[in-house]
1. With each run of n ≥ 4 DSSP H residues scored as -39500 (n - 2.57), what mean residue ellipticity at 222 nm is computed for chain B after dividing by its residue count and rounding to the nearest 500 deg cm²/dmol?
2. Does the range A:102-158 come out rounded, prolate or oblate, given a ≥ b ≥ c as the square roots of the eigenvalues of its C-alpha gyration tensor, rounded meaning a/c under 1.5 and, failing that, prolate meaning a/b above b/c?
3. Summarise the partner chain shielding of B:55-62 as one whole number: the mean count of Cβ atoms from other chains within 10 Å of each residue's Cβ.
4. List, largest first, the extents of the alpha carbons of the range B:1-107 along their principal axes, each in whole Å.
5. When chain B is modelled as a GNM with alpha-carbon springs shorter than 10 Å, which of B:140, B:159, B:74 fluctuates the most?
6. How would A:83, A:101 line up from fewest to most surrounding beta-carbon atoms within 10 angstrom?
7. Return the distance in nm (one decimal) between the two label points of a simple spin-label model at residue B:169 and residue B:13, each offset 7 Å from Cα along Cα→Cβ.
8. How far is the Cα center of the range A:8-68 from the Cα center of the range A:115-176, in Å?
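Read-outs: derived from the displayed coordinates by stated rules, not from any lab. Note that the structure is a prediction, hence the values are computed from the model and not measured. Cβ: placed from backbone, ideal geometry, glycine included. Neighbour counts: every protein chain shown.
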């Protein structure tokens with residue numbers, strides 16, 4: 001028997017539900033409608049500089065769960081990413097190579113000049129995901145409370161040292 | 001009957017009229033869903049097919065309009081999505097090996113020795129496919145399970161055809177080692 005025929009012996013059809021294709025089509029058409037509608041862009045969009053934009057993009061998706069808006073990517077003639085846009089919830093950020101618009105990555109500058117706050121539904125799950133993807137944890141999970149509620153947060157550094165603070169709102173008082 | 005326009009034309013039109021892209025789904029989703037199902041089973045495949053076409057839709061500007069069919073391109077996007085499901089893929093492959101061996105054993109024309117061989121051989125084939133580097137496994141399964149031509153595999157994986165040929169040859173060599181009695185002994189001796 002030839003090797004390819006051997007591999008072919010292990011081909012096995014899956015048994016699909018009759019509606020399997022309908023659900024995929026619905027998901028596609030929903031994505032198409034989202035693009036056709038004018039995008040509700042936030043009025044403030046942080047633009048973040050990196051030495052390695054491709055690596056940063058992959059990290060932000062993997063570690064933090066951000067999603068690139070693929071139609072918004074700009075690619076320069078040498079194939080490098082000139083600018084990419086990422087969404088998370090109702091928020092949007094842009095990332096691009098440092099040196100443009102007077103910006104510098106903390107990896108080059110040796111200092112962070114700001115941090116970005118991101119509000120998530122489940123900060124513990126987010127922490128696990130980020131840590132597993134290799135994010136450097138600057139401050140572990142902690143609860144903060146005021147008279148009217150509080151939040152649970154942690155801070156992580158991305159591969160170039162940008163600081164991200166993740167928050168989850170919590171309503172109940174401190175556990176004693 | 002009006003002949004329907006080729007994929008490249010449909011995708012071109014979808015740049016201005018996004019809804020038109022639904023036609024690409026209608027044409028190719030059944031084929032692509034079956035592919036995903038063979039690789040990771042029905043449940044995951046059903047979840048992936050929508051994502052696959054959503055990614056394709058978002059990337060439709062990058063589709064090479066000189067290609068006749070969008071199918072290899074869709075196979076390529078699907079193959080990339082499948083890389084996140086390696087564990088399910090391995091599980092399915094091992095189950096398929098057991099079923100293939102059982103099928104062989106139930107065949108009345110097969111000798112007891114052949115059935116025994118199948119019981120030993122198929123799990124080893126599954127293991128060997130699983131152990132292939134991602135790029136060789138993708139090329140092999142597109143070729144062997146989907147019956148794609150070298151040219152189509154090259155388009156799907158966005159590789160030169162020579163690279164596809166060498167990957168398939170490497171994959172064949174690894175599988176052939178399993179079939180040779182010496183190979184088996186060497187394996188045991190290790």
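1. Numbers: 10 runs with 144 residues, N = 190.
Only helices count here, giving -24500 deg cm²/dmol.
2. oblate
3. Counting other chains' Cβ atoms within 10 Å and averaging over B:55-62 gives 4.
4. Over the range B:1-107, Cα extents along the principal axes are 54, 34, 22 Å.
5. Taking springs between Cα atoms under 10 Å, the residue moving most is B:159.
6. Fewest-to-most Cβ neighbours within 10 Å comes out as A:101, A:83.
7. Label at residue B:169, label at residue B:13, 4.4 nm between them.
8. Each part's Cα centre sits 24 Å from the other's.
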